[in-house]
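Single-structure report; data block below.
No lab work stands behind these numbers, since they all come straight from the coordinates. Predicted, not measured: the structure shown is a model, and the values here were computed from it. All Cβ positions, glycine included, derive from the backbone under ideal geometry; neighbour counts span all protein chains shown.
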Amino acid sequence: MAAQRIEEPRKEVKLYFKIIILLVTLVLAFLGGREFYELRHFKETFVSSPGLTEVKMLSDYLPSLKGTWIDTPIFVYDSGVPGGTVLYMANVHPYEPAASLSAYILMENIKVKKGKVFVIPQGNRSASTTGMLANAYPKFFHIKTSFGEKKFRIGDRGTNPLDQWPDPFTYVHYPSRQNLAYQDIRNMNRTYPGRANGTLTERASFAIMELIRKEKIDLSIDVHEASLMYPVVSTYVAHERSFDIAMMAAMTLTATSFDMKCESSPKSLRGLSHREWGDFSDTLPVLMETPEPFIDRVVGPMTEELFTEGKDEFLAVAAKHGLTYVPYTLDFGSPLWYRCGRHLSGALEVINQMNQFMPEKEVIVEWPTYDQLKEHDCGFFFHDPAKADQKLVFKI
Amino acid sequence: MIMLEQIIHVFYFVLAGFIGLLILRSFFKRTSRTGIIYDIVYAYCFIPFLLRILGIK
């Protein structure tokens, strides 16, 4: 005998009840949306050192970026004394905060005595205006200073989908035609050398290439952070033309300050700064990575403390079993001063090595070092915007 | 190519708006699954489309 389906009697929900549900939904949408809106529109404040000579925009190198969320300021510190030119670029991946924080500390305190320094604190500004989907990231992190707390955005790895959408099924890198993961079409460190008429991220990458070519940048430093279970943590990654400089810098730092490895940029993996900057311009590219426990897959709750102090018991267990590529203890963690200090001294050391290898491109520059950050922590190096010369106060 | 990118980008926003409207219509008027649980599901599913149309998320 065939089974007969028993239809449930329909229970219509009254209209007034539906309207109540919709109103509750709109309240929830407002509460959630307010947080997203705050992250999207919040601006970070910093006070530049008096050595600032010019502020450019990325759109100066590719006008089609003007008015877009990926357009970003470029701060120029020119000593006026002929010498080499250095680019310090941070926050291509805005969920790696020691990069932008180190750039701000650098710009608040830089003194250039010879040559010229370009600094981009928000490499992919669009990516810094959205949080990491599904990872329950906090929206902001805070740094204690003598004049109160400073607040910074915690962004995503790729360009905000509000600015570049949809993603393709497969991302075909230009010009190599290598197939990469689909979401990497919004990852600026997979879209170099870019193209003038491509996607928003490809255009931003192209503008960076134009900056390097037109300004004749001798040494380009791309600043990142890496998980401790990723082999390229605490490492310089260098193009074959800059490998000698990076290797000497790594050896010097390991002997004098902190452990630093050096790896050669793979020729078969396309779209990365340390590969394409070197192949498509005359610059010497070096990428730096510091240990950021927050982005390791095994860590516990994604809190602001984990972001700034880097202490996690699960990662400590993994380290005990030899699963991390750098030593890690729960007592020390991986605090922001340590990560920023590594970047700032790491950059100074590659500049120092370039000066020795190529005296005609000498750059003489000062900014806070690893030892100074160890002694004073990050907040010490920021200046109060309320008391500063307002011409040197910037909001990004 | 930039123009084509822009058109596709805007088209996807329009598409999100259209699907959002369909969800809203089904929230008020549908012939099957008329219980309150489904009302809550429809209302919840409407949120991401609303935020996308408004350019918030």
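How high is the FRET efficiency between A:Thr303 and A:Phe42 when r is their beta carbon distance and R₀ equals 25 Å, given to the nearest 0.05? Could you put the intermediate results ahead of the total?
Values: r = 19 Å, r/R0 = 0.77.
According to the calculation, E is roughly 0.85.
Using only the alpha carbon atoms of the stretch A:27-79, find the Kirkwood hydrodynamic radius as the inverse mean reciprocal pair distance, in angstroms to one decimal. If you can, show how the numbers build up before the last one.
Numbers: mean 1/r = 0.0721 Å⁻¹.
About 13.9 Å, per the Kirkwood formula over Cα pairs.
Which value in Å does the Kirkwood hydrodynamic radius of the stretch A:251-365 take, with 1/r averaged over all unlike C-alpha pairs and then inverted?
After inverting the pairwise mean of 1/r, the radius is 16.4 Å.
At 7 Å along the Cα-to-beta-carbon direction for both A:Asp331 and A:Asp282, put a label point, then send me their distance in nm to one decimal.
For the pair A:Asp331/A:Asp282, the computed spacing is 5.2 nm.
Which ³J(HN,Hα) values, rounded to whole Hz and listed in residue order, are derived for the stretch A:290-306 from phi using the Karplus coefficients 6.51, -1.76 and 1.60 in 6.51 cos²θ - 1.76 cosθ + 1.60 with θ = phi - 60°, glycine and proline given as x?
Working through the residues one at a time gives 10, x, 10, x, 3, 9, 6, 6, 8, 6, x, x, 7, 9, 5, 4, 4 Hz.
To two decimal places, what compactness ratio does chain A give when its Cα radius of gyration is scaled by 2.2 N^0.38 Å?
Ratio of Rg to 2.2 N^0.38 Å for chain A: 1.08.
Take every DSSP beta bridge with both residues inside the protein assembly as shown and express the antiparallel ones as a percent of the total, to the nearest 5.
Looking only at bridges with both residues in the protein assembly as shown, the antiparallel portion is about 55 percent.
What translational D, rounded to a whole number of µm²/s, comes out for the stretch A:82-240 from Stokes-Einstein when the hydrodynamic radius is the Kirkwood one over Cα pairs, at 10 °C and 1.306 mPa s? Let's see the in-between values first.
Details: Rh = 17.0 Å.
In µm²/s, the coefficient rounds to 93.
List every residue whose amide H lies under 5 Å from the amide H of A:Thr235, counting only residues 5 or more places away in sequence or on a different chain, with H placed 1.01 Å from N in the peptide plane.
Answer set, sorted by chain and number: A:Lys261, A:Glu289.
Using θ = phi - 60° and the Karplus curve 6.51 cos²θ - 1.76 cosθ + 1.60, what whole-Hz ³J(HN,Hα) does each residue of the stretch A:367-376 get, with Gly and Pro shown as x?
Values, residue by residue: 7, x, 10, 3, 5, 5, 5, 4, 6, 10 Hz.
Give the Rg/Rh ratio for the stretch A:276-337, taking Rg as the radius of gyration of the Cα atoms and Rh as the Kirkwood radius, to two decimals.
1.16
Which of B:Arg30, A:Arg190 comes first, and how do the rest follow, when ranked by fewest Cβ neighbours within 10 Å?
Details: B:Arg30 12, A:Arg190 24.
Ordered by Cβ neighbours within 10 Å, fewest first: B:Arg30, A:Arg190.
Rounded to whole Hz and in sequence order, give me ³J(HN,Hα) for the stretch A:357-362 from the Karplus expression 6.51 cos²θ - 1.76 cosθ + 1.60, θ = phi - 60°, writing x for Gly and Pro.
6, 9, x, 6, 10, 5
If each DSSP helix of 4+ residues adds -39,500 (n - 2.57) and the sum is divided by the residues in chain A, what number results at 222 nm, nearest 500 deg cm²/dmol? The partial results should precede the final answer.
Numbers: 9 runs with 119 residues, N = 396.
Rounded to the nearest 500, it is -9500 deg cm²/dmol.
Using the C-alpha gyration tensor of the stretch A:224-275, what are the square roots of 5 times its eigenvalues, in whole angstrom, with the largest one first? Don't skip to the answer; put the middle values down first.
Working: eigenvalues 75, 45, 9 Å².
Calculated on Cα positions only, the semi-axes equal 19, 15, 7 Å.
Just the number, please: Stokes-Einstein D of the stretch A:155-221 in µm²/s, Kirkwood Rh from C-alpha pairs, 25 °C, 0.890 mPa s.
Numbers: Rh = 12.4 Å.
Estimated diffusion coefficient is 198 µm²/s.
How do A:Ser345, A:Ser257 rank when sorted from fewest to most other Cβ atoms within 10 Å of their own Cβ? Numbers along the way, then the final one.
Values: A:Ser345 24, A:Ser257 17.
Listed from fewest to most nearby Cβ atoms, that is A:Ser257, A:Ser345.
Taking amide H positions as placed 1.01 Å from N in the peptide plane, with prolines and chain starts having none, which residues 5 or more places from A:Lys114, or on another chain, fall under 5 Å of its amide H?
A:Ile364
Which order do peptides A:173-179, A:385-391, A:75-81, A:206-212 fall in by mean Cβ count within 10 Å, highest first?
Working: A:173-179: 14.0, A:385-391: 11.3, A:75-81: 17.9, A:206-212: 24.3.
Ranked from most to least packed, the peptides come out as A:206-212, A:75-81, A:173-179, A:385-391.
For a quick check: with amide H placed at 1.01 Å from N, whose amide H comes under 5 Å from A:Glu225's, ignoring anything fewer than 5 positions away on the same chain?
A:Thr290
Over all Cα pairs of chain B, how is the pair count split among 5 Å bins, expressed in % and running from 0 up to the last occupied bin?
For chain B, the binned pair fractions read 4, 18, 23, 18, 13, 10, 6, 4, 2, 1 percent.
What's the long-distance tail for the stretch A:120-202, i.e. % of Cα pairs beyond 17 Å? All intermediate terms of the calculation are to be shown ahead of the outcome.
Values: 1805 of 3403 pairs.
Summing the P(r) of the stretch A:120-202 above 17 Å gives 53 percent of all pairs.
I need the calculated FRET efficiency for the pair A:Asp371 and A:Arg213, taking r as the beta carbon distance and R₀ as 35 Å, to the nearest 0.05. It would help to have the intermediate numbers written out before the result.
Values: r = 36 Å, r/R0 = 1.02.
So the FRET efficiency works out to roughly 0.45.
May I ask you to sort A:Glu313, A:Glu304 by Cβ crowding, counting other Cβ atoms within 10 Å and putting the fewest first? Write out the running numbers ahead of the final one.
Numbers: A:Glu313 10, A:Glu304 15.
Fewest-to-most Cβ neighbours within 10 Å comes out as A:Glu313, A:Glu304.
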